[in-house]
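Heads up, the thing below is written out as structure tokens.
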Amino acid sequence: MTSLGFCALLLLMISELRQVSCSRQTFTNAALLDAHGKYHLRWRYDERTVVFEVEVETTGYIGFGLSPSGSMAHSDIMIGGVENGKPYVQDFYTGTNREVHLDHRQDYHLEYAIENNTHTILCFSRDLNTCDMDDKIITESTVRVIWAYHSDDYKNAHNYHGLNRGRKSLRLLNPQHYQDALESLPFFEIKNPNITIPFKDTTYYCQIFMLPELKRKHHIIRIEPLIQKGHENLIHHILLYQCDSNLNESEVGMGHECYHPNMPDSFLTCESVFFAWAIGGQSFSYPDHVGLSIGTSNDPLYVMMEVHYDNPTFQEGLTDSSGLRLFYTSELRQFDAGVLETGVWVSLYHIIPPGVSEYLSEGHCTKECLQEVLDQEMPLGINIFAVLLHSHLAGRSLRTRHFRNGKELQLLAYDDEFDFNFQEFQYLKEERRVLSGDHLITECKYNTIDRKNVTWGGLSTRDEMCLSYLLYYPRIDLSRCESLPDQIQQLTFIGVKEIYSPVTAWPFIIKSPKKYRNLTFTDAMDTFKWSKKKGLAFNKFVLQQPINVRCSKHNQEEWPVHGMLVSPPVKEEVTQFLPTVCNRAPHVNRIFIIKVFLVTVTFVFYLDI
């Protein structure tokens, strides 16, 4: 090769080097991490690797980390920036006392860096599973992202970021959301009219609304939360229920506390969940072939919005106008969507002992219910496309399991790092068909190690729930498919022999033995001297007891199997959580390769001369 040829090749390589180190990439996901718009995160991923880009209003160092709890302890951290025109990215980890250590394996890899007078952009990548014990494996579970930045470049751990820090829970591997062009679409809003929130820790407020009067069928295709600014931690969830279409129009606008003795009777007609949103969730768009039907005689004319206000600090004088915005279209999709509530029926019969670090509850959508409903309504089955896992403060890990003919299929949904303050629908990578005779189990693991009394199933965030809301199509007449452990059998564990019959009070009263006589069953459970060993023994005992089937229609009726006692299915424990096998393939540093090539070219060029 002539010297002219080598010069041309050299210029070509330098041009490519500029492209690699300076050009911005495209990303499929984005999140604003701080409240002031100074820290932007973008990312994309494949089956092995995730690529991040952070854009921060600073010319100093940027910190980005993955934490098991949202704090600095035991976190996997990247610190990077641009100093004197030279980019740097370093891999760190922290211990129990939040001390920062340089990782002996550097698994965060710089892709490019850009800096101007006000902002720094860093693009870096890493494997989902780096095989490094000091790195966090990235799965489909919730990830607590921690962030920080400083006006100066990083020197050592004493170069503290101060108040420029925070945390945000995300699902980094949640499939890409469906995007709709909304500019030309009509919408309507369902909002509370500046209501006064009662001075107590938990309030469920309900109000009935009338949907738009349409002359023909339409589909709702996107729903956005409208959370009043400053109330992001006050609104725990919002549910829309379908009400009886024969309600009097005078009921519209009527608001009252839900589940209250003095609430309007019309609230009792609103049984079927139409849509669900929970704290931390974003907007939800339906797949291109699915929509929520409105405008026909079979669709809801009235809905009730239930808002759960969580006010543990007893703030006074609060008023709220939060709600939902619903976009709809006359261009019909192929299928009508439905919502199916599965899991543990919300009840005091859901009992979780204190002082247990890992207690497992199971809620069954039984084969008896699914067979009876699907054989009559949809023999070819239904297709699930998204799942919302829901629990309260003691919840640590949730999953929805799927069985067919006694064999377990791939997990329908899971979250091993459940965050009470971040609950949103998970889009499934592939739609899942549920057939007649299938069996679904919602599992919830709780930690009550710091509690002194029994935790009950109930409405307060200090009570517990264990639910999976399944979005599916085509819509069938099934609103709830749940279960509840047999209460009398649970009481035998603490030695209860007899209750007063007929039952005339709630919670019901115990007759014998003498030590529990005239106590309610809740008082008896709290009187029992629980220990970690007894709590685990109770857990094992309850999981073996018969379950009460709950199988409800969209109105106030039930399917014939409702109330049946059945035995829980025999199942094996399976592990299906990790998205990728540990892979130690070396990272290819493109900039380094180009530098080596340039040295080689220079050496050959001198030989040619």
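Across segment 237-247, what is the total count of residues that are touching a helix residue (DSSP H, G or I) at 6+ places or on another chain (Cβ under 7 Å) and surrounded by fewer than 22 Cβ atoms within 10 Å (Cβ to Cβ)?
Total meeting the criteria: 2.
Of the residues I351, I382, the single one that is modelled with pLDDT of 95 or more, of a type in the set (A, V, I, L, M, F, W, C), in contact with a helix residue (DSSP H, G or I) (Cβ under 8 Å, 6 or more places away or on another chain) and closer than 22 Å to E424 by Cα is I382.
Looking across segment 481-535, the residues that are open to solvent by less than 30 Å² (accessible area, probe 1.4 Å) and of a type in the set (V, I, T) come down to I494, V496, I510, T520, T522.
Within segment 101-109, identify whether any single residue is open to solvent by 40 Å² or more (accessible area, probe 1.4 Å) and within 26 Å of R24 (Cβ to Cβ), and answer yes or no. There is at least one residue in segment 101-109 that is open to solvent by 40 Å² or more (accessible area, probe 1.4 Å) and within 26 Å of R24 (Cβ to Cβ).
One line per residue, one yes/no per condition, for (1) modelled with pLDDT of 90 or more; (2) within 30 Å of K553 (Cα to Cα); (3) open to solvent by less than 80 Å² (accessible area, probe 1.4 Å):
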position	(1), (2), (3)
Y154	no, no, yes
N159	no, no, yes
N192	yes, yes, yes
K217	yes, yes, yes
P225	yes, yes, yes
I235	yes, yes, yes
M254	no, yes, yes
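When L348, L388, L411 are checked against the criterion of being surrounded by fewer than 21 Cβ atoms within 10 Å (Cβ to Cβ), in contact with a strand residue (DSSP E or B) (Cβ under 9 Å, 6 or more places away or on another chain), aliphatic (A, V, I, L, M) and over 19 Å from Q545 (Cα atoms), a single residue qualifies: L411.
Screening L292 with (1) open to solvent by 10 Å² or more (accessible area, probe 1.4 Å); (2) farther than 18 Å from C206 by Cα gives one miss only, at (1). From R399, R325, which residue is modelled with pLDDT of 95 or more and open to solvent by 20 Å² or more (accessible area, probe 1.4 Å)? From the options R399, R325, the qualifying one is R325.
Take the residues in segment 110-152 that are among the small types (G, A, S) and buried (at least 16 other Cβ atoms within 10 Å of the Cβ); name whichever of them is nearest to Y61 (Cα to Cα).
Applying the filter and picking the extreme gives A148.
Scanning for something at pLDDT 95 or above, surrounded by fewer than 18 Cβ atoms within 10 Å (Cβ to Cβ) and not in a loop (DSSP other than H, G, I, E, B), does segment 455-463 turn up at least one residue? No: zero hits.
One line per residue, one yes/no per condition, for (1) closer than 30 Å to L491 by Cα; (2) of a type in the set (D, E, K, R); (3) touching a Phe, Trp or Tyr at 6+ places or on another chain (Cβ under 9 Å); (4) at pLDDT below 95:
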site: W530; (1), (2), (3), (4): yes, no, yes, no
site: F538; (1), (2), (3), (4): yes, no, yes, no
site: P569; (1), (2), (3), (4): yes, no, yes, yes
site: E573; (1), (2), (3), (4): yes, yes, no, yes
site: T580; (1), (2), (3), (4): no, no, no, yes
site: N583; (1), (2), (3), (4): no, no, no, yes
site: R590; (1), (2), (3), (4): no, yes, no, yes
site: V604; (1), (2), (3), (4): no, no, yes, yes
site: L607; (1), (2), (3), (4): no, no, no, yes
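Considering only residues in segment 256-288 that are touching a Lys or Arg at 6+ places or on another chain (Cβ under 9 Å) and among the aromatic types (F, W, Y), the one that is modelled with the lowest pLDDT turns out to be F284. Residues in segment 267-289 that are over 22 Å from the mean Cα position of the chain (by Cα) and crowded, with 20+ Cβ neighbours inside 10 Å were compared, and the one that is farthest from R475 (Cα to Cα) is F267.
Would it be correct to say that R404 is open to solvent by 50 Å² or more (accessible area, probe 1.4 Å), over 21 Å from V542 (Cα atoms), charged (D, E, K, R) and modelled with pLDDT of 95 or more? Against the criterion (open to solvent by 50 Å² or more (accessible area, probe 1.4 Å), over 21 Å from V542 (Cα atoms), charged (D, E, K, R) and modelled with pLDDT of 95 or more), R404 qualifies.
Of all residues in segment 404-450, those satisfying the criterion of being touching a helix residue (DSSP H, G or I) at 6+ places or on another chain (Cβ under 8 Å) and not β-branched (V, I, T) are L435, S436, G437, D438, H439, L440. L370 falls short of the stated requirement of being open to solvent by 10 Å² or more (accessible area, probe 1.4 Å) and of a type in the set (A, V, I, L, M).
When the residues of segment 479-530 are filtered to those that are aliphatic (A, V, I, L, M) and closer than 27 Å to S357 by Cα, which remaining residue is farthest from the chain's Cα centre (by Cα)?
The first filter runs over segment 479-530 and keeps only residues aliphatic (A, V, I, L, M), leaving 484, 488, 491, 494, 496, 499, 503, 505, 509-510, 519, 524-525.
Imposing the further condition that a residue be closer than 27 Å to S357 by Cα reduces the set to 484, 488, 491, 494, 496, 524-525.
Working: L484: 23, I488: 34, L491: 33, I494: 35, V496: 39, A524: 35, M525: 32 Å.
Only one residue tops the list, namely V496.
Among residues of segment 442-454 being among the polar types (S, T, N, Q) and either in a loop (DSSP other than H, G, I, E, B) or touching a Phe, Trp or Tyr at 6+ places or on another chain (Cβ under 7 Å) (or both), the one that is surrounded by the fewest Cβ atoms within 10 Å (Cβ to Cβ) is N453.
Looking only at segment 426-441, how many residues end up being among the basic types (K, R) and crowded, with 21+ Cβ neighbours inside 10 Å?
Of the residues in that region, 1 qualify.
Please specify each residue of segment 295-320 satisfying the condition of being open to solvent by 10 Å² or more (accessible area, probe 1.4 Å), closer than 23 Å to F422 by Cβ and not β-branched (V, I, T). Scanning segment 295-320 gives D310, P312, Q315, L318. Looking across segment 328-343 at every residue that is part of a strand (DSSP E or B) and acidic (D, E), the one that is surrounded by the fewest Cβ atoms within 10 Å (Cβ to Cβ) is identified as D336.
Is at least one residue of segment 54-71 of a type in the set (F, W, Y) and surrounded by fewer than 22 Cβ atoms within 10 Å (Cβ to Cβ)?
Scanning segment 54-71 turns up no residue that is of a type in the set (F, W, Y) and surrounded by fewer than 22 Cβ atoms within 10 Å (Cβ to Cβ).
Looking only at residues in segment 466-478 that are over 22 Å from the mean Cα position of the chain (by Cα) and not hydrophobic (A, V, I, L, M, F, W, C), which one is nearest to L348 (Cα to Cα)? Once the filter is applied, the top-ranked residue is D477. Among the listed residues S361, S321, identify the single one that is closer than 30 Å to H219 by Cβ and in contact with a Pro (Cβ under 9 Å, 6 or more places away or on another chain). Only one candidate passes the filter, namely S321. Scan segment 72-100 for residues that are buried (at least 19 other Cβ atoms within 10 Å of the Cβ) and farther than 23 Å from E57 by Cα and the total you get is 3.
The values are calculated or read from the model by the stated rules, or taken from the named source; none is laboratory data. Not measured: the values here are computed from a predicted model. In this analysis, Cβ positions are derived from the backbone assuming ideal geometry, glycine residues included, and neighbour counts consider all displayed protein chains. The area values use the complete protein model at the heavy-atom level, side chains included, leaving out ligands, DNA and RNA. Shrake-Rupley method; radii C 1.70, N 1.55, O 1.52, S 1.80 Å.
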